[in-house]
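First the structure, in the form of structure tokens, and then the observations on it.
The values are calculated or read from the model by the stated rules, or taken from the named source; none is laboratory data. Given the structure is predicted, the values throughout are model-derived calculations rather than measurements. Counting neighbours? That spans all protein chains shown, and the Cβs are built from the backbone with ideal geometry, glycine included.
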Amino acid sequence: MAEFIRFDRITKFYGPLCVVENLALGIGKGEFVSLLGPSGSGKTTLLMMLAGFEQPTSGNILLDGTAINDVPTHKRDMGVVFQSYALFPHMSVGENVAFPLQMRRLGKAEIAERVARALDMVQLSAFVDRRPSQLSGGQQQRVALSRALVFEPRVVLMDEPLGALDKQLREQMQLDIRDLHRRLGVTIVFVTHDQSEALTMSDRVAVFNKGKIEQIGTPRQVYDEPATRFVAEFIGETNLVEGVVEAVQGQEATVRLRSGAHIVSAVSGSVASGQPVFLSIRPERVDLSETRGEARNCLETEVTDSVYQGDHLRVQLQNAAQPLIAKLGRRSREFPPGTKVYAAFSAGDCRVIAP
Amino acid sequence: MSAVSSRTGRSLVLLAPLLLFLIGFFVWPLFSMMSQAVSDPAVLRLLPRSAEVLTDWDRKSPPTMPMQTALMEDLKAVDDDQALGDMVRRLNSARSGFRTLMSKTMSALEDTANPPADLVSIDKRWEKPEFWLAIADALSPLTDRNLLAAVDLGRNAAGDIEHLPADRSVNRVILVRTFWIAALVTFACAAIGFPYAMIAASLTGWKRDLMLAAVLLPLWTSLLVRTAAWFILLQEKGLINDLLQTLALIDAPLPLIFNRTGVIIAMTHVLLPFMVLPIYSVLITIPKNLMPAAASLGAPPWRAFLRVLLPLSLRGVASGSLLVFISAIGYYITPALIGGPGDQMISSIIAFYATGSANWGMAGALGVVLLIATLLLYSVYARLSTDEPGRR
Ligand SMILES: Nc1ncnc2c1ncn2[C@@H]1O[C@H](COP(=O)(O)OP(=O)(O)OP(=O)(O)O)[C@@H](O)[C@H]1O
Ligand SMILES: [Mg+2]
């Protein structure tokens with residue numbers, strides 16, 4: 001995939017506060033990249049710099065190989081969808097969508113046709129003459145989306161566009177946007193702090209923390225192969241277990257836990273023998289049984305609590321003062337507190353993370 | 001049900017002081033001023049007996065004996081020459097010839113040695129119903145004379161409305177001048193106030209506070225003090241002319257005081273807050289992301305301004321203009337101190353009638369004209385602001 005957008009060592013200060021620090025990121029043409037991170041991690045700031053609303057303190061932003069630092073927003077040709085939609089309240093839905101086309105001085109007939117097409121795409125043709133205030137949140141959101149797409153921009157930037165919607169509508173819109181992206185092939189940079197949203201929609205996810213990218217990769221990579229403790233904890237739920245590396249064999253390492261047990265685990269970074277590390281074990285990868293099975297890793301534990309949660313059974317375990325959580329499929333049998341069980345998982349289902 | 005009505009009753013009791021205050025210090029003075037404009041009981045006060053008898057008259061037949069006796073009695077009892085003069089003037093303007101008829105009648109009535117039996121024996125004209133008709137009309141305590149005079153109109157002998165002669169037609173000129181000065185001031189306030197409010201709304205923290213304080217502080221100073229300050233600044237040897245001359249920008253002092261320029265400058269300054277504040281309050285309600293959104297959609301700054309910010313802030317401009325205009329048409333002190341004779345506005349005429357010549361009727365009538373103009377403007381504004389789209 002050809003690289004289309006490049007953030008080249010971008011740093012941004014607000015006064016003494018460093019919001020984005022020496023950040024490098026490349027985005028391919030037609031790619032859907034999510035910027036995922038906790039509040040205040042600098043996602044919006046990065047997006048605003050890409051849109052041209054803010055200037056980086058240092059570093060370059062390249063679009064198709066040319067630096068665009070000095071190009072004003074209105075010449076950047078990027079559609080922006082704001083969290084609060086930013087629809088013009090004094091214009092009808094149709095006028096809102098026609099606005100970017102009028103700014104490009106297209107002919108009346110062409111504008112009418114493209115507005116009709118853009119509204120059709122988001123199933124809002126019946127609402128052309130309504131004012132934004134007469135629409136529901138989800139409808140306003142779709143108007144904002146079609147307004148950002150109607151002029152066929154080179155890039156579409158979205159800053160938590162679904163934040164104000166209820167869960168059901170949000171999930172519907174996630175699929176709609178992903179569908180639009182596939183049909184139009186436009187490059188999308190999508191900001192969110194909702195990890196499941198990022199995993200659902202994106203080709204790649206960039207996980208932000210304190211102005212830096214902790215990891216960038218496909219949804220599967222950032223979930224299954226977290227590179228840092230922050231990523232492992234921020235995306236999904238995980239068990240973090242402290243230990244010391246005893247030996248490294250290629251892509252695997254043997255880790256000794258404080259309880260003395262040995263665990264064989266996959267490694268993503270580079271670790272050395274004797275190094276203190278964390279093990280990240282996803283709760284849904286843990287199997288429980290009363291007999292020691294064939295699995296490479298097996299920990300003797302005792303059930304302390306067990307909660308039925310509809311789609312899964314959540315079991316809290318204790319292994320020599322080390323708490324563990326297991327999520328079991330709903331067909332699993334019950335484990336009453338006090339039961340002694342073996343928690344088993346394969347080497348590929350846990351990760352060694354350097355602290 | 002009774003709970004609801006007792007609650008209504010209780011809230012009415014709580015509101016009562018406010019209502020009483022409003023009635024006592026706003027509604028009642030306004031009403032009495034307006035009734036002054038249309039009431040003229042001068043004739044009724046002089047001729048109480050005739051008034052009683054004339055109510056039975058059919059307004060067509062020749063005068064009866066009781067009518068004549070009553071009028072004679074009334075006229076004999078008159079001891080206020082000023083009031084008599086006023087009455088004769090009013091009767092004469094309704095029916096020419098009344099002045100001579102009256103003076104003849106009065107002197108005949110004063111002749112105690114040889115008292116006349118009835119009015120017709122003094123002058124044959126007393127037989128004609130027209131003269132009695134004029135008296136009957138003048139007895140009515142209501143008159144439109146003041147209201148008509150306020151816009152330079154009057155009734156001729158036949159009772160038709162016509163223009164007053166040029167030497168008595170000043171009100172209309174002054175009314176037009178008042179509206180013109182108010183319009184100029186409104187325009188100047190909008191031209192200065194809009195950019196000012198925009199800058200203030202775009203700033204944050206102490207800079208914004210400072211700009212707002214700069215607008216608000218003058219409001220806390222007495223109007224007289226502010227006008228006096230302009231008096232000092234605008235003088236021929238005042239600060240402004242001195243400065244311009246020191247900078248050698250002008251050779252001779254600019255005429256800034258006792259003319260229209262000075263009045264506009266001073267009034268614009270005094271009224272500017274009433275323009276800035278409504279515009280500012282509308283501007284800060286406009287979502288901050290609309291202008292960036294317009295830019296991202298390809299609008300250069302000035303087109304974004306014309307298509308987005310300006311239409312959304314027009315409501316503030318309209319209410320600011322209304323406030324400024326309405327305040328401006330009532331201005332008195334500033335034009336009186338800074339303006340020349342050709343810059344006096346309608347309030348100074350009202351003040352002249354009210355305090356100078358004690359003609360409360362005319363003062364009230366001019367006040368009514370101003371009030372009607374204000375109400376008209378307000379209704380237009382209310383109409384526009386409810387029609388305005390995007391405001392729901
Ligand atoms: N205009 C500004 N002036 C000063 N500081 C700012 C400004 N805008 C943002 N910041 C600061 O920069 C940091 C990053 O802000 P940013 O809006 O990029 O966070 P974010 O990742 O988008 O968070 P969220 O998920 O809450 O939207 C925050 O600490 C914020 O307080
Ligand atoms: Mg943000």
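Need at least 2 residues that are more than 14 Å from chain A (Cβ to nearest Cβ) and crowded, with 21+ Cβ neighbours inside 10 Å per element, so show me which helices (runs of 4 or more DSSP H) inside the range B:257-338 make the cut, counting only ones lying wholly within it.
Values: elements: B:260-283, B:290-296, B:301-304, B:310-329, B:333-338.
Helices (runs of 4 or more DSSP H) meeting the threshold: B:260-283, B:310-329, B:333-338.
Which residue, of B:57, B:132, B:126, is in contact with a Pro (Cβ under 7 Å, 6 or more places away or on another chain) and under 30 Å from residue B:35 (Cα atoms)? Within the list B:57, B:132, B:126, the selection yields B:132. Test residue A:67 against the stated conditions and say whether it is more than 15 Å from ligand 1 (Cβ to nearest atom) and over 22 Å from the mean Cα position of the chain (by Cα). Criteria met by residue A:67. I'd like to check something: does the range A:82-90 contain any residue that is on the phi > 0 side of the Ramachandran plot and touching a residue at least 40 places away in the same chain (Cβ under 8 Å)? Yes: one or more hits. The residues on offer are A:100, A:153, and the sole one that is at the interface with another protein chain (Cβ under 9 Å from one of its Cβ atoms), at pLDDT 95 or above and buried (at least 18 other Cβ atoms within 10 Å of the Cβ) is A:100. Of everything listed in (1) in a strand (DSSP E or B); (2) within 15 Å of ligand 2 (Cβ to nearest atom); (3) of a type in the set (Phe, Trp, Tyr), the single unmet condition for residue A:13 is (2). Only a single criterion out of (1) modelled with pLDDT under 95; (2) in a strand (DSSP E or B); (3) under 21 Å from residue A:154 (Cβ atoms) is not satisfied by residue A:33, namely (1). One residue stands out in the range A:42-53 among those that are more than 9 Å from ligand 2 (Cβ to nearest atom) and not aliphatic (A, V, I, L, M): the one that is nearest to the other protein chains (Cβ to nearest Cβ), namely A:53.
Within the option set B:112, B:100, being surrounded by 11 or more Cβ atoms within 10 Å (Cβ to Cβ), more than 30 Å from residue B:351 (Cβ to Cβ) and of a type in the set (Ser, Thr, Tyr) holds for one residue only, B:100. Within the range A:233-254, being closer than 18 Å to residue A:355 by Cβ and over 30 Å from the mean Cα position of the chain (by Cα) holds for A:244, A:245, A:246, A:248, A:254.
Limited to the range A:84-110, what total is found for residues that are in a helix (DSSP H, G or I) and either closer than 22 Å to residue A:8 by Cα or of a type outside the set (S, T, N, Q) (or both)? Talk me through it step by step, then tell me what you get.
Of all residues in the range A:84-110, those in a helix (DSSP H, G or I) come to A:93-103, A:108-110.
Next, from what is left, pick out any that are either closer than 22 Å to residue A:8 by Cα or of a type outside the set (S, T, N, Q) (or both): A:93-95, A:97-101, A:103, A:108-110.
Qualifying residue count for the region: 12.
Among the residues of the range A:28-38, are any surrounded by fewer than 15 Cβ atoms within 10 Å (Cβ to Cβ) and away from ligand 2 (no atom under 16 Å from the Cβ)? There is no residue in the range A:28-38 that is surrounded by fewer than 15 Cβ atoms within 10 Å (Cβ to Cβ) and away from ligand 2 (no atom under 16 Å from the Cβ).
Mind checking whether some residue in the range A:69-83 is more than 14 Å from chain B (Cβ to nearest Cβ) and either assigned to a helix (DSSP H, G or I) or not β-branched (Val, Ile, Thr) (or both)? Looking through the range A:69-83, at least one residue is more than 14 Å from chain B (Cβ to nearest Cβ) and either assigned to a helix (DSSP H, G or I) or not β-branched (Val, Ile, Thr) (or both).
Please go through the range A:156-171 and pick out each residue that is within 14 Å of chain B (Cβ to nearest Cβ), crowded, with 22+ Cβ neighbours inside 10 Å and either modelled with pLDDT under 90 or in a helix (DSSP H, G or I) (or both). A:161 - this is the single residue of the range A:156-171 that is within 14 Å of chain B (Cβ to nearest Cβ), crowded, with 22+ Cβ neighbours inside 10 Å and either modelled with pLDDT under 90 or in a helix (DSSP H, G or I) (or both). Of A:29, A:12, all but one fail to be near ligand 1 (Cβ under 9 Å from one of its atoms) and of a type in the set (D, E, K, R); the exception is A:12.
Is it the case, given these coordinates, that residue A:332 is among the polar types (S, T, N, Q) and not in a strand (DSSP E or B)? Spell out the reasoning first.
On the way: among the polar types (S, T, N, Q): yes; not in a strand (DSSP E or B): yes.
So residue A:332 passes the test.
Looking at A:92, A:39, A:34 in this structure, which one is within 11 Å of ligand 1 (Cβ to nearest atom) and hydroxyl-bearing (Ser, Thr, Tyr)?
Numbers: A:92 fails: within 11 Å of ligand 1 (Cβ to nearest atom); A:34 fails: within 11 Å of ligand 1 (Cβ to nearest atom).
Criteria check complete, one pass: A:39.
Take the residues in the range B:80-120 that are of a type in the set (Ser, Thr, Tyr) and free of Cβ contacts under 8 Å to residues at least 60 places away in the same chain; name whichever of them is farthest from residue B:66 (Cα to Cα).
The first filter runs over the range B:80-120 and keeps only residues of a type in the set (Ser, Thr, Tyr), leaving B:93, B:96, B:100, B:103, B:105, B:107, B:112.
Those still in the list that are free of Cβ contacts under 8 Å to residues at least 60 places away in the same chain too: B:100, B:103, B:105, B:107, B:112.
Working: B:100: 23, B:103: 22, B:105: 17, B:107: 21, B:112: 20 Å.
Looking at the filtered set, the residue picked out is B:100.
Kindly indicate whether residue A:294 is surrounded by fewer than 18 Cβ atoms within 10 Å (Cβ to Cβ), at pLDDT below 90, part of a strand (DSSP E or B) and not hydroxyl-bearing (Ser, Thr, Tyr).
On the way: surrounded by fewer than 18 Cβ atoms within 10 Å (Cβ to Cβ): yes; at pLDDT below 90: yes; part of a strand (DSSP E or B): no; not hydroxyl-bearing (Ser, Thr, Tyr): yes.
Judged against the criteria, residue A:294 is not a match.
Close Cβ contacts (under 7 Å, 6 or more residues apart or on different chains) running from residues in the range A:38-56 that are assigned by TED's automatic domain parsing to the domain that holds residue A:75 and hydroxyl-bearing (Ser, Thr, Tyr) to residues that are part of a loop (DSSP other than H, G, I, E, B) and near ligand 2 (Cβ under 9 Å from one of its atoms) comprise A:39/A:193.
If you go through the range A:181-214 and keep only what is crowded, with 18+ Cβ neighbours inside 10 Å, part of a helix (DSSP H, G or I) and either within 16 Å of ligand 1 (Cβ to nearest atom) or free of Cβ contacts under 8 Å to residues at least 60 places away in the same chain (or both), you end up with A:195, A:197, A:198, A:199. Summed over the range A:129-167, residues that are touching a His at 6+ places or on another chain (Cβ under 9 Å) and within 16 Å of ligand 1 (Cβ to nearest atom) total 2.
Number of residues in the range A:1-40 that are touching a Lys or Arg at 6+ places or on another chain (Cβ under 6 Å) and of a type in the set (S, T, N, Q) equals 1.
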